[in-house]
Amino acid sequence: MKVLVLGAGAREHALVWKFSLSTRISGLFAAPGNAGTQDLATNLPDVDPLNAEAVVAACKENGITHVFIGPEEPLTLGVADALTEAGIAAIGAHREAAQLEGSKAFSKAFMARNSIPTAGYAQFTCFDEASRYIKNRRKKIVLKKSGLAGGKGVLESDNTAEMLGFAEKVLKDDALVIEEFLEGFEATVFAVCDGKTYILLPPCADFKKAGANDTGPNTGGMGSVCPVPWLDAKIQQRIRTETVEPTFAALKKENLMYKGILYFGLMITKDGPKVLEYNVRFGDPETQALLPLISSDFGNLCDAVTSGALESFPLEVSGKASLGVVIAAEGYPADYERQIPVQFTGKFDEKDIHLFHASTLRDGAGTVLTNGGRCFTVVAEGKDIYEAAERAYAGVKNVGFKGAWYRPDIGKRFMAE
Ligand code: AMP
Ligand code: GLY
């Protein structure tokens, strides 16, 4: 297999790393990639993942047989469709299915008509109606932009003026979804799909808020754990029967099956699991914690996805715990500086502690420069979440740049006091 990973984030670095360990790989590329993927693969920095024609051309030029599409935007733009048409195996949802992520209006309607447990909701395109709904609310609500927003299109607030401001801004160019606020804890479950069937990977959790103890604004995700200590076999079974199975039955019924990853963003409430959102890709930073725990050859897994052979795939998972801490630039999730030089003061033992770069570059002298808001994920494995956390935070101290910050409490939610 000659594999291309599309994207530049830490999720894509983790994917490239996992592919690099496969015995099946005869060529490995990343487009555009980052300073981390450069060490493991050939970066194609001039190939824009959003330009389907350019991606197909790069595949032909380099003899690429399989493309793993990391982020959501190429999926919503139909890059998987273009690859499939060109006879190149794509791991990623086709354009129609990508609406499950690209439009909350689409995914909420899909869940409602298929009786998939989710938060009650209403949808608005007119400010006056939304304003009336917000002012007359009796329960806590959450406001969401319907289209893609990089994890920043959700407002959880009790302040009417703030809600009206958010609604007005969203309604300028998009639909607004208003949901009932669900109480519980969140988990992410990934299904790997081959177009006919699926297998579930170990559950993960993401830490979305910028501040310790889940305070402050939402981010793309500041850390992750895998597996989730609170998800015992009984809850996992309920997740499967109450959310995953009905979703796949509905996807089949509506001809929306695809070859790729389906992300279930779940709230585990006292009434059982409910779907907060679907994404049609792996999560970031969940993937960085998850992939080190997959023992199966990743090339074989992806080959099973594209050839429709998942049903008999023997997925092997290590019994360890894994935890990832994101290191971000000063100012993130608001404005931040780029091109800040990074110093590495220690070594990362690739066996069970990993440094995944996000959007980093190298200058002429070879110095790594930041080039985004979330800059690195440090991931460690351990015998349990406590050991994984201790080792990940020790690793974080080996990465330094001006203004670097991270959440000090990743995983703590799941640890005994
Ligand atoms: P989403 O993009 O829909 O996953 O929302 C981003 C984050 O906002 C979620 O991960 C939750 O932390 C929070 N959130 C979204 N919808 C709800 C809801 N209905 N109830 C409570 N929290 C929510
Ligand atoms: N970590 C959340 C996401 O990838 O959407």
Apply 1/(1 + (r/R0)^6) to the Cβ-Cβ distance of Ala86 and Lys172, taking R0 = 56 Å, and write down the FRET efficiency to the nearest 0.05.
0.90
Spin-label pair Lys2/Lys196, simplified geometry with 7 Å Cα→Cβ offset, distance in nm:
2.9 nm
With point charges of +1 on the Cβ of Lys and Arg and -1 on the Cβ of Asp and Glu, referenced to the Cα centre of the chain, which listed residue (Ala392, Ala122, Phe264) lies farthest in the positive direction of the dipole?
Ala122
Taking a ≥ b ≥ c as the square roots of the Cα gyration tensor eigenvalues, with a/c under 1.5 meaning rounded and otherwise prolate when a/b beats b/c or oblate if not, segment 152-198 comes out oblate
For the chain, just say rounded, prolate or oblate: build the C-alpha gyration tensor, square-root its eigenvalues into a ≥ b ≥ c, call rounded for a/c under 1.5, and beyond that prolate if a/b exceeds b/c, oblate if not.
rounded
Where the accessible area of segment 256-376 is counted over protein heavy atoms with a 1.4 Å probe, how much of it, in %, is carbon and sulfur?
48 percent
Short version: ³J(HN,Hα) in whole Hz for each residue of segment 129-138, in order, from phi by Karplus 6.51 cos²θ - 1.76 cosθ + 1.60 (θ = phi - 60°), x for Gly and Pro, what are they?
5, 5, 4, 4, 4, 5, 5, 8, 4, 10
Once you order the gyration tensor axes a ≥ b ≥ c over the Cα atoms, which shape class does segment 344-414 get: rounded for a/c under 1.5, otherwise prolate or oblate by comparing a/b with b/c?
prolate
As straight-line cross-link partners of Lys60, the qualifying lysines (C-alpha separation under 27 Å, not fewer than 8 residues apart within one chain) are Lys2, Lys18, Lys259
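Go ahead and run the numbers for FRET between Glu156 and Arg240, Cβ-Cβ distance against an R0 of 25 Å, rounding to 0.05. List each step's numbers first, then the result.
Numbers: r = 28 Å, r/R0 = 1.12.
Given R0 = 25 Å and the Cβ-Cβ separation, E is 0.35.
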Dipole of the chain (Lys/Arg Cβ +1, Asp/Glu Cβ -1, origin at the Cα centre): which of Ala90, Asn51, Ile178 lies farthest to the positive side?
Ile178
Along the charge dipole of segment 187-256, which of Pro246, Pro229, Ala205 sits closest to the positive end, that is, farthest toward it, with unit charges on the beta carbon of Lys, Arg, Asp and Glu (+1, +1, -1, -1)?
Pro246
Counting only the backbone N, which residues of segment 400-417 are under 20 Å from the spot 7 Å out from the Cα of Phe185 toward its beta-carbon?
407-417
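Do any of Lys208/Lys252; Lys196/Lys383; Lys139/Lys274 go past 28 Å between their Cα atoms, and which?
On the way: Lys208/Lys252 31 Å; Lys196/Lys383 35 Å; Lys139/Lys274 18 Å.
Beyond 28 Å between Cα atoms: Lys208/Lys252; Lys196/Lys383.
Find how much the distance from Leu164 to Ala250 grows on full extension, using 0.36 nm per residue of separation minus their present alpha carbon separation; answer in nm with one decimal. Present the calculation step by step, with values, prior to reporting the outcome.
Details: separation 86, 0.36 × 86 = 30.96 nm, distance 3.47 nm.
Here the answer is 27.5 nm.
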Within segment 367-404, find all residues whose amide N lies under 14 Å from a label point positioned 7 Å from the Cα of Phe344 along Cα-to-beta-carbon.
367-370, 376-379, 395-401
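Charges only on Cβ, +1 for Lys and Arg, -1 for Asp and Glu: so what's the dipole of the chain about the Cα centre, in debye to the nearest 20? Spell out each step's value before the answer.
On the way: 45 positive and 52 negative charges, 132 e Å.
The dipole magnitude comes to about 640 debye.
Taking Cα pairs under 8 Å and at least six residues apart, what relative contact order does the chain come out at, in percent?
Computed value for the chain: 17 percent relative contact order.
If you roll a 1.4 Å probe over segment 57-169 with all protein chains in place, what percent of the accessible area is carbon or sulfur?
Working: 2510 of 5320 Å².
C and S fraction of accessible area: 47 percent.
Measuring with a 1.4 Å probe in the full set of protein chains, what accessible area per residue, in whole Å², belongs to the chain? Intermediate results must be reported in sequence, preceding the final value.
Details: 17240 Å² over 417 residues.
Here the per-residue accessible area is 41 Å².
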Roughly speaking, what is the stretch gain from Arg413 to Glu316, that is 0.36 nm per residue apart minus the C-alpha to C-alpha distance, in nm to one decimal?
32.2 nm
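The values are calculated or read from the model by the stated rules, or taken from the named source; none is laboratory data. Predicted model, so just to flag it, every value in this text is computed and none were measured. Glycine gets a Cβ as well: all are built from the backbone with ideal geometry, and neighbour counts include every protein chain shown. Just so you know, the surface numbers come from the protein's heavy atoms only, side chains and all, with ligands and any DNA or RNA stripped out. Shrake-Rupley method; radii C 1.70, N 1.55, O 1.52, S 1.80 Å.
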